[in-house]
Amino acid sequence: MNESAKKKFTTWNTITLVILAVFILFIIFPLFLVLKKSFFDTGTGDFTLGYITKFFDRKFYWITLVNSIKVTFVTTLLALLIGLPIAYMMRKIRIFGSGVLEIVIIISYLSPPFIGAYAWIQLLGRGGKVTQFLNDLFNVQLNGIYGFWGIVLVMTLQSFPLVYIYISGALKNLDNSLNEAAESLGYSSFQRLYNIILPLIMPTVLASGLLVFMRVIADFGTPMLIGEGYRTMPVLIYTQFMSEVGGDDGFAAALCLIIIVITMALFMLQRVLAKRYSYSMSALKPMTRVTEKNMKGFLAHILVYSTVLLAIIPQLVVILTSFLKTSGGAVFSGGFSLESYKNILLGKNNFVILNTYLIGIIAIIIIVVLGILISYLTVRKRSKATALLDITSMFPFIIPGSVLGIAYLFAFSEKPLLLSGTMFIMIIAFAIRRMPYTIRSSTAIISQISPSIEEAAISLGASDRKAFTKVIIPMMMPGVIAGAIMSWITVISELSASIILYTSGTQTLTVSIYTEVIRGNYGNASAYSTILTLTSIISLLIFFKVTGKKEITM
């Protein structure tokens with residue numbers, strides 16, 4: 001083999017090609033089938049625009065797209081309007097108990113949104129405690145919080161912590177000398193925030209807004225539980241696909257294609273805007289918290305505490321409800337009991353907890369291994385192949401989980417690629433969908449590691465592989481762990497893809513919570529939700545212990 005051939009078949013080139021082959025099989029191929037089924041008649045195989053025109057011809061269908069966009073825009077706007085000032089106040093003003101408040105904000109973000117929907121139904125539904133209290137107090141008959149504003153309430157309170165986490169990280173790196181210079185020129189607090197700070201953190205604002213947008217437009221559980229007649233695209237995709245399995249699945253594919261086009265267009269728009277408004281800063285003089293003992297400080301405390309309380313209420317309601325005594329699992333009969341926990345831990349479906357942890361652990365191992373390799377390849381071994389790897393790895397980030405689940409059933413339901421119904425397809429779906437968190441976090445930290453460190457190790461006699469495993473990977477660990485903890489928490493709370501892919505033998509905690517709520521077994525649903533919430537909290541505490549940090553910033 002000549003010298004040029006040896007250069008082409010290095011270890012790193014081989015790893016790049018292997019990972020690309022995996023991505024082509026589990027990302028490109030399923031999405032290609034979605035595209036194909038959208039434009040080719042499933043019966044005759046002829047080209048057709050019938051599935052697309054069917055969607056836009058009937059208001060029953062296209063109104064769900066309008067509903068999704070309305071809910072998503074309003075929720076994203078409200079999440080930014082809440083998350084930005086809360087992050088600024090927490091960074092600028094010394095708030096009593098701010099350390100605990102930050103952990104509570106993160107915990108409120110960790111649980112799946114549909115659990116929040118279920119908890120708010122317990123409070124503000126037609127039979128909710130708060131609704132009943134108001135009905136008795138004012139002698140009225142309120143219908144409860146369902147539909148558009150119910151979805152917006154749940155998703156806003158679930159999403160603003162994400163904005164808070166991102167913007168807190170950006171404010172931490174802000175050079176406060178600019179802020180002080182503006183103050184010396186007579187700028188008020190609002191003018192400094194609007195004219196100085198906001199433009200500097202605009203890329204982070206746009207990035208966090210995009211994440212909220214993607215989360216809300218792809219969410220299936222919340223509109224399904226609290227939307228009632230207000231249907232959104234993920235609900236339509238689910239209902240159409242589940243009712244058309246074995247028949248004409250081209251329309252379901254067309255629905256998937258429409259939402260993929262929308263999310264990809266928004267993702268590209270965010271990338272363009274972020275590049276346009278990007279700034280480079282060094283926090284030579286970081287922002288410091290000041291003690292405000294006047295009305296300004298008092299109002300800041302009221303605003304922060306009331307917002308955090310609203311955000312954590314769903315988790316508190318779920319935990320409390322899990323200990324209430326029930327009659328047949330559906331009606332709360334008064335008093336407290338461990339009956340719900342007995343039902344789920346000793347019942348015939350107790351394997352769902354083991355399934356969740358087993359699938360999650362295997363998926364997170366795959367995520368960490370591939371995340372480290374991909375981030376290293378895209379930063380240190382740049383080529384056309386690694387650039388393609390970087391772009392392909394981000395596809396699952398912008399594709400709703402229900403769409404990925406349907407694409408996998410299209411791709412892996414027939415021999416020789418028969419995987420549907422197995423635990424393997426759940427593991428791959430979770431790993432592929434949640435890998436971008438670890439890749440982005442690992443890429444960020446390896447970009448900060450000087451190549452000269454690796455070169456020094458090699459010059460001292462270490463092989464390329466040894467320099468990578470003994471020098472680079474240990475230095476990457478903080479970023480890898482931060483990304484992995486986000487991947488882990490989102491893996492175990494995944495519903496959109498698992499509701500499409502699960503079978504009776506591969507059911508997970510989130511699917512069990514959803515099915516128990518649909519059946520009206522609120523006690524069991526609360527007990528499952530509490531286990532999921534406690535798992536997330538313990539994972540967060542382990543992260544703090546291992547990394548020595550007291551916050552998660554992106």
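The values are calculated or read from the model by the stated rules, or taken from the named source; none is laboratory data. What you see is a predicted model, and the numbers here were worked out from it, not measured in a lab. In this analysis, Cβ positions are derived from the backbone assuming ideal geometry, glycine residues included, and neighbour counts consider all displayed protein chains. With ligands, DNA and RNA removed, areas are computed over all heavy atoms of the protein, side chains included. Shrake-Rupley method; radii C 1.70, N 1.55, O 1.52, S 1.80 Å.
For S442, work out the one condition from (1) open to solvent by 10 Å² or more (accessible area, probe 1.4 Å); (2) under 18 Å from W12 (Cα atoms) it doesn't fulfil.
Of everything listed in (1) open to solvent by 10 Å² or more (accessible area, probe 1.4 Å); (2) under 18 Å from W12 (Cα atoms), S442 misses just condition (1).
Suppose the filter is modelled with pLDDT of 90 or more, open to solvent by less than 70 Å² (accessible area, probe 1.4 Å) and assigned to a helix (DSSP H, G or I); does I19 pass it?
Details: modelled with pLDDT of 90 or more: yes; open to solvent by less than 70 Å² (accessible area, probe 1.4 Å): yes; assigned to a helix (DSSP H, G or I): yes.
Judged against the criteria, I19 is a match.
Return only the number of the condition from (1) more than 30 Å from V511 (Cα to Cα); (2) modelled with pLDDT of 85 or more that E183 does not satisfy.
So E183 meets the others, but not (2).
Those residues that are over 23 Å from S539 (Cβ atoms), part of a helix (DSSP H, G or I) and either open to solvent by less than 30 Å² (accessible area, probe 1.4 Å) or touching a residue at least 24 places away in the same chain (Cβ under 8 Å) (or both), I need them from the stretch 341-373; list them, please.
Scanning the stretch 341-373 gives N343, L373.
Given the options I427, I432, name the one that is surrounded by 23 or more Cβ atoms within 10 Å (Cβ to Cβ) and touching a residue at least 12 places away in the same chain (Cβ under 8 Å).
So the residue among I427, I432 that is surrounded by 23 or more Cβ atoms within 10 Å (Cβ to Cβ) and touching a residue at least 12 places away in the same chain (Cβ under 8 Å) is I432.
Looking at the stretch 321-336, which of the residues that are at pLDDT 85 or above and in contact with a strand residue (DSSP E or B) (Cβ under 9 Å, 6 or more places away or on another chain) is farthest from I107 (Cα to Cα)?
Applying the filter and picking the extreme gives L324.
In this structure, is L198 in a helix (DSSP H, G or I), open to solvent by 10 Å² or more (accessible area, probe 1.4 Å), at pLDDT 80 or above and under 30 Å from L324 (Cβ atoms)?
no
Out of curiosity, is L137 aliphatic (A, V, I, L, M), outside any helix (DSSP H, G or I) and farther than 23 Å from L81 by Cα?
In short, no.
Can you tell me which residue among R276, R192, R271, R215 is under 24 Å from F114 (Cα atoms) and of a type in the set (D, E, K, R)?
It is R215.
Consider the stretch 240-262. How many of its residues are at pLDDT 65 or above, in a helix (DSSP H, G or I) and open to solvent by less than 80 Å² (accessible area, probe 1.4 Å)? Write out each step before concluding.
Our first condition is that a residue be at pLDDT 65 or above; within the stretch 240-262, this holds for 240-243, 249-262.
Subset that is in a helix (DSSP H, G or I): 240-243, 250-262.
Applying the additional criterion that residues be open to solvent by less than 80 Å² (accessible area, probe 1.4 Å) yields 240-241, 250-260, 262.
Qualifying residue count for the region: 14.
Those residues that are modelled with pLDDT of 80 or more and surrounded by fewer than 12 Cβ atoms within 10 Å (Cβ to Cβ), I need them from the stretch 263-295; list them, please.
Result: A265, M268, V290, T291, N294, M295.
Looking at the stretch 445-470, which of the residues that are open to solvent by less than 40 Å² (accessible area, probe 1.4 Å) and in a helix (DSSP H, G or I) is farthest from F397 (Cα to Cα)? So that I can check it myself, show each step before the final result.
Step one: list which residues in the stretch 445-470 are open to solvent by less than 40 Å² (accessible area, probe 1.4 Å), which gives 445-446, 449, 454, 457, 462, 467-468.
Add one more test, that the residue is in a helix (DSSP H, G or I), and what stays is 445-446, 454, 457, 467-468.
Values: I445: 20, I446: 21, E454: 31, A457: 35, A467: 31, F468: 27 Å.
Ranking the candidates gives A457 first.
Only residues in the stretch 176-197 that are closer than 17 Å to M89 by Cβ count as the first member; pair them with residues that are assigned to a loop (DSSP other than H, G, I, E, B) and at pLDDT below 80, Cβ under 8 angstrom, at least 6 apart or cross-chain, and list the lot.
Taking only residues 6 or more apart or on different chains, the pairs are N176/A283; N176/K285; N176/M287; N176/T288; N179/M287; I197/L174.
(1) modelled with pLDDT of 80 or more; (2) out of contact with any helix residue (DSSP H, G or I) (no Cβ under 6 Å at 6 or more places or on another chain); (3) open to solvent by 40 Å² or more (accessible area, probe 1.4 Å): which one isn't true of N173, the others all being true?
Going through the list (1) modelled with pLDDT of 80 or more; (2) out of contact with any helix residue (DSSP H, G or I) (no Cβ under 6 Å at 6 or more places or on another chain); (3) open to solvent by 40 Å² or more (accessible area, probe 1.4 Å), N173 breaks only (1).
Table: residues versus (1) open to solvent by 30 Å² or more (accessible area, probe 1.4 Å); (2) under 25 Å from R215 (Cα atoms); (3) outside any loop (DSSP other than H, G, I, E, B); (4) touching a residue at least 60 places away in the same chain (Cβ under 8 Å).
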{"residue": "I391", "(1), (2), (3), (4)": "yes, yes, yes, no"}
{"residue": "F397", "(1), (2), (3), (4)": "yes, yes, yes, yes"}
{"residue": "V403", "(1), (2), (3), (4)": "no, yes, yes, yes"}
{"residue": "S413", "(1), (2), (3), (4)": "yes, no, no, no"}
{"residue": "P416", "(1), (2), (3), (4)": "yes, no, no, no"}
{"residue": "G421", "(1), (2), (3), (4)": "yes, no, no, yes"}
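All but one of (1) of a type outside the set (D, E, K, R); (2) open to solvent by 40 Å² or more (accessible area, probe 1.4 Å); (3) part of a helix (DSSP H, G or I); (4) in contact (Cβ under 8 Å) with a residue 40 or more places away in the chain hold for T503, so report the exception by its number.
Of the numbered conditions (1) of a type outside the set (D, E, K, R); (2) open to solvent by 40 Å² or more (accessible area, probe 1.4 Å); (3) part of a helix (DSSP H, G or I); (4) in contact (Cβ under 8 Å) with a residue 40 or more places away in the chain, the odd one out for T503 is (3).
Considering only the stretch 129-141, I want to know if a residue exists there that is open to solvent by 20 Å² or more (accessible area, probe 1.4 Å), more than 14 Å from Q158 (Cβ to Cβ) and in contact with a Gly (Cβ under 8 Å, 6 or more places away or on another chain).
Looking through the stretch 129-141, none of the residues is open to solvent by 20 Å² or more (accessible area, probe 1.4 Å), more than 14 Å from Q158 (Cβ to Cβ) and in contact with a Gly (Cβ under 8 Å, 6 or more places away or on another chain).
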